[in-house]
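The structure appears right after this line, and notes come after that.
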Amino acid sequence: MALYNKLIFTGPVGAGKTTAIASLSDEPPVRTDALASDMTRKFKQDTTVALDYGVMTLEGGGKLHLYGTPGQERFDFMWEILTEGGIGLALLIDNSSPDPFRDLRFFLGRFRPFIDQSGLAIGITRMDLKSDPTLEAYNREIEKLGLKAPVLEVDARSRRDVSLLVQALLFHLDPGLVVEDDDGQFAVS
Amino acid sequence: MSDTPLKIAILGPRTPCYDLLTHFIEHNCQFGLLVEPEQADVCILNLDGFDAERLLHDHRQRNSGQPMIVLALNKPAQEGCIWVKKPLQSRQLMDALETVRHLNGKNDSAALKVVRNTDETTALNQAARQLASKHRANHKAVHTVSVSKTKYYEPVEYLQGILIKAYRQAVTTGISLRIDTGWEPIFIYPHKRLVWVDADDKKLQAFCHLSIRKFSHLTGELASGPTITPEPGGDIDKPPDGCQSMEAFLWKVSWWNSAGRLPRGVKSSQLVRLKRWPNLTRLWCPASALQVASLLYQTAKSPEDAVTALALPPADVYSFISAARATGLIERVEEKRSGPPSNLPAEKERRFDRRPRPEPARSSGGFLRKILRSLRGE
């Protein structure tokens, strides 16, 4: 039986998956970057060719494993393996890419079976570089696909942003989730 | 030729403008020395600040003949002042200080060691950027939101109402506008969807506690009521530093105007639904906002039912609904005895419902809770 202790970050090349995992991980993340040799070279010198891995240590010694999928479609055979035992999917979309909606539809389509069994939150990155499409437009697009999910603007370098995206995912799974001794603040460093 | 520094005093209470000037003179104006007003060669005053005219009057009575630089949006009526138009540009401020140096006979250009950039990125902007983080929406600084004992409030009686009206005008006409309420003037730049006000969140929140009429009554300002006027020269390509997004500004103003009450027009028993998640990474809100957003996005609930389902203080839920409604994210849902409580087509609703969703009951613990605690740094 799979242990449900994984959180999956996915999205196209350069959307910020590796950076987002590094923002949350308590330990230096394991990265499997290599010199890009295909079309990816246009966007990044290094890219993730297998997976990224980070870990958050929880109270009582438990761990949440953070996995980042490789963005290139030719590695999609790995995606199903990676999602096994996942509690949810954080999809990052680069708003400055030529066709972010195509990316959105592609990843939602490929991960749909996993999304239907778990949770989804969508983080839109690089909105400071390009503000269009708007979050409203993204919501319309996912609604067309019969999905509902939190869609938030995210700077993958910001622990606070990535943390809020994951918190949104958790509350989307269970709005009644409660944290005792809540001080009423986003106490994220 | 004198190397004597120009002694400068800044008048008025500590505001972002005051801090900006202090930082500028201390770090970017090498010939300037900050001193007490009585020892100063020149004083600088933000004339748009609270009670500034009385301050100016009193100061001039005590220190007649002392040069005065006033920062103001519009040309002041007072005689004998050097006017620097706001939003502040470092070049204009430096020109004004140089004028004073000439008047005082300290006009040695060799001694004038001013950090002055040749491009548009001026020293004042640098100072503003360094201070920006201090005055940016600070979730920790403004965490005590006062809660009213009443259940409903009338948004049009508060800043929220005048702000929405001005937004509509600005967006429809594409003209930059200025709101005068007797408090700090608020500027709206519709092309960039930005707002500018010379106040930090603490000051804004304090103002939001009062209705506009009550504020006017207390201060004696603008008895005729708030005004919305076009801002000449407001259609600038580069808005001043410290601007905020229109959405984020309206969101927090509505949250604070609400003070835990529902806006008139949303009954506590009325079913409401969230059209989409607010962009909570860029908005002011307490942690409970995530829960309320999640519940109301997934299910139409009345405000009072949402309070029960989430076991949150009513103020948290009602303020969220107020802010979400002001920013156009809340829709009212007509209650149906049969079928899903939605105005969406039934087919679409069924598709949404295919996913197994946990009931919004309070979880007693578990793995998700541990993750949440870790994310919140507990």
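Read-outs: derived from the displayed coordinates by stated rules, not from any lab. Being a predicted model, the structure only gives us computed values, none of them experimental. Backbone-built Cβ (ideal geometry, glycine too); neighbour counts: all protein chains shown.
Please compute the volume of the convex hull spanned by the alpha-carbon atoms of the range B:55-100 and report it per residue in Å³.
72 Å³
Give me A:LYS17, B:LYS86 sorted ascending by neighbouring Cβ count inside 10 Å, so fewest comes first.
Ranked by crowding around the Cβ, least crowded first: B:LYS86, A:LYS17.
Inside 10 Å of the C-beta atoms of A:110-117, what's the mean count of C-beta atoms belonging to other chains?
Whole-number average of other-chain Cβ neighbours for A:110-117 is 1.
Give, in whole angstrom and from largest to smallest, the semi-axes √(5λ) of the equivalent ellipsoid of the range B:174-313, with λ running over the eigenvalues of the Cα gyration tensor. Spell out each step's value before the answer.
On the way: eigenvalues 196, 77, 34 Å².
Square roots of five times the eigenvalues give 31, 20, 13 Å.
Could you list B:HIS23, A:HIS172, B:HIS217 so that the one with the fewest beta carbons within 10 Å of its beta carbon is first and the one with the most is last?
The fewest-first ordering by Cβ neighbours comes to B:HIS217, B:HIS23, A:HIS172.
Just to confirm my numbers, what's the Cα centroid distance between the range B:61-91 and the range A:98-119 in Å?
58 Å
Quick check on the range A:88-164: what does the Kirkwood estimate of hydrodynamic radius come out to from the alpha carbon pairs, in Å?
After inverting the mean inverse Cα-Cα distance, the result is 12.6 Å.
Where Lys and Arg each count +1 and Asp and Glu each count -1, what net charge lies around B:GLN160 among other residues with Cβ under 12 Å from its Cβ?
Its environment carries a net charge of +3.
If you add up the charges near B:GLU331, with Lys and Arg at +1 and Asp and Glu at -1, over every other residue whose beta carbon is less than 12 angstrom from its beta carbon, what do you get?
Net local charge, B:GLU331 excluded: +4.
Using θ = phi - 60° and the Karplus form 6.51 cos²θ - 1.76 cosθ + 1.60, what ³J(HN,Hα) does each residue of the range B:76-84 get, whole Hz, x for Gly and Pro?
x, 6, 5, 7, x, 10, 8, 8, 10
At a threshold of 8 angstrom on Cα-Cα distance, excluding pairs fewer than six apart, so keeping six or more, what relative contact order does the range B:149-196 reach in percent?
Once normalised by length, the contact order is 25 percent.
By counting other Cβ atoms within 10 Å of each Cβ, how are B:HIS59, A:HIS65, B:HIS27 ranked from fewest to most?
On the way: B:HIS59 19, A:HIS65 16, B:HIS27 13.
Least to most surrounded, the residues fall as B:HIS27, A:HIS65, B:HIS59.
Within a Cβ distance under 11 Å of A:LEU152, other residues only, what is the Lys/Arg minus Asp/Glu net charge?
Details: positive: B:ARG276, B:ARG282; negative: A:GLU153, A:ASP155, A:ASP161.
Cβ neighbours under 11 Å give a net charge of -1.
Taking amide H positions as placed 1.01 Å from N in the peptide plane, with prolines and chain starts having none, which residues 5 or more places from B:TYR153, or on another chain, fall under 5 Å of its amide H?
Here B:LEU262, B:ARG264 satisfy the definition.
Take the alpha carbon atoms of the range A:122-154, find their center, do the same for the range B:257-320, and report the distance between the two centers in whole angstrom.
Answer, in whole Å: 21.
Using 10 Å bins from zero, what percent of all Cα-Cα pairs in the range A:6-173 falls into each bin?
10, 43, 38, 9, 0
Would you grab the residues whose amide H sits under 5 Å from the one on B:LYS86? Only those 5+ places off in sequence or on another chain, please, with H modelled 1.01 Å from N.
Excluding prolines and chain starts, which carry no amide H, the hits are B:ALA72, B:LEU73.
Can you pick out the pairs among A:LYS148/B:LYS203; B:LYS86/B:LYS165; B:LYS192/B:LYS214; A:LYS17/B:LYS192; B:LYS165/B:LYS214; B:LYS192/B:LYS301 whose Cα atoms lie more than 26 Å from each other?
Working: A:LYS148/B:LYS203 37 Å; B:LYS86/B:LYS165 24 Å; B:LYS192/B:LYS214 32 Å; A:LYS17/B:LYS192 29 Å; B:LYS165/B:LYS214 19 Å; B:LYS192/B:LYS301 35 Å.
A:LYS148/B:LYS203; B:LYS192/B:LYS214; A:LYS17/B:LYS192; B:LYS192/B:LYS301, as the Cα separations exceed 26 Å there.
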